[in-house]
Amino acid sequence: MDFLEQIDRDKLPQHVAIIMDGNGRWAKKQGLLRAAGHKRGTAGVKQAVEGCAELGIPFLTLYAFSTENWNRPKKEVDTLMNLLVSSLKKEILTLQDNDVSLHTIGNINTLPSKAQKELSEVIEKTKSNKRLRVTLALSYGGREEILKSLQEISVKVKNNIISPAEIDESLINNHLYTHDMPDVDLLIRTSGEQRVSNFLLWQIAYAEFYFTPVLWPDFKKEHLHDAIYNYQKRERRFGKTSEQIK
Ligand code: IPE
Ligand code: IPE
Ligand code: MG
């Protein structure tokens, strides 16, 4: 069942974040190598991007590679990096056709130079697209991001640019990779795992979580619609009572 028609266009989440998980298990189920699962995972990315663009959701952030994923076998890491380059080449038109701009968060300078080059080209080519901003989290870790922000702020304190009393939530926010994005409204994780795995730790403080057993290569627009419909039925109280927000 597709919940597209039931979605209230006036109450869309502004920022959807997805932990794209289950490529390896998808491949195993088909008797294929993990690499084949990652390859099919690109179909899920396309579904999520087009689905958000069609609905008019302004921000989509996709967890593509974590700081911890560097610890996977070298062959698998190489496969993922090569796939990143080939998908960027292949899907640039999809981004242009859907008026989507591409961005990244994470430790991008640790990626192979080929990947960095391809990313900057696509970012540059799509930078004036307005409908949807897709951010790929690559070599991204929430703890690393907070750490980096602490180091930058400490330098400013040391150089008397700011005083410790001036450190507030918005200052920390301004030092995160996501400084120019709203907090996450809806966090989706596929593959049945119910954990955060170091994704956007600061930004999910009041996000609604949606877990689905669907493996990432099988992810379709209808799964996105289901997540959004489900999200819209919840009451977000932000610490207040139900009566206060009515
Ligand atoms: C997600 O699928 C892709 C990445 C983490 C890069 P996995 O590769 O984690 O798939 P499973 O969890 O082993 O099934
Ligand atoms: C999280 O998935 C990272 C990405 C989806 C890129 P993992 O598969 O790496 O997470 P764990 O190891 O199951 O927590
Ligand atoms: Mg996984």
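The values are calculated or read from the model by the stated rules, or taken from the named source; none is laboratory data. Since the structure is predicted, the reported quantities are computational estimates derived from the model, not experimental observations. Note that we place each Cβ from the backbone using ideal geometry, even for glycine, and neighbour counts take in every protein chain shown. Just the protein is used for accessible areas: all its heavy atoms, side chains included, with ligands, DNA and RNA removed. Shrake-Rupley method; radii C 1.70, N 1.55, O 1.52, S 1.80 Å.
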Residues being of a type outside the set (S, T, N, Q) and either within 16 Å of ligand 1 (Cβ to nearest atom) or in a strand (DSSP E or B) (or both): count how many of those fall in the stretch 198-213.
7
Which condition breaks for residue 195 when tested against (1) open to solvent by 60 Å² or more (accessible area, probe 1.4 Å); (2) more than 16 Å from ligand 3 (Cβ to nearest atom); (3) free of Cβ contacts under 8 Å to residues at least 24 places away in the same chain; (4) not in a helix (DSSP H, G or I)?
(2)
Take the stretch 28-63 and flag every residue that is in contact (Cβ under 8 Å) with a residue 60 or more places away in the chain and over 21 Å from residue 225 (Cα atoms).
29, 37
Would the stretch 161-175 turn up any residue that is open to solvent by 20 Å² or more (accessible area, probe 1.4 Å), in a helix (DSSP H, G or I) and small (Gly, Ala, Ser)?
yes
Being part of a strand (DSSP E or B) and not polar (S, T, N, Q) narrows it down to one residue among 43, 35, 27, 17; which is it?
17
Can you tell which of 241, 212, 178 is touching a Gly at 6+ places or on another chain (Cβ under 8 Å), β-branched (Val, Ile, Thr) and either farther than 18 Å from residue 8 by Cβ or open to solvent by 70 Å² or more (accessible area, probe 1.4 Å) (or both)?
212
Here are 99, 78: which of them is in contact with a Lys or Arg (Cβ under 9 Å, 6 or more places away or on another chain) and open to solvent by 50 Å² or more (accessible area, probe 1.4 Å)?
99
Note on the stretch 17-54: residues closer than 22 Å to residue 93 by Cα and away from ligand 1 (no atom under 14 Å from the Cβ) are 46, 47, 49, 50, 51, 52, 53, 54
Can you tell me which residue within the stretch 123-148, out of those that are touching a residue at least 60 places away in the same chain (Cβ under 8 Å) and polar (S, T, N, Q), is surrounded by the fewest Cβ atoms within 10 Å (Cβ to Cβ)?
139
Would you point out which residue out of 178, 135 is in a strand (DSSP E or B) and at pLDDT 95 or above?
135
Is it true that some residue in the stretch 35-53 is surrounded by fewer than 21 Cβ atoms within 10 Å (Cβ to Cβ), at pLDDT 95 or above, at positive phi and not aliphatic (A, V, I, L, M)?
no
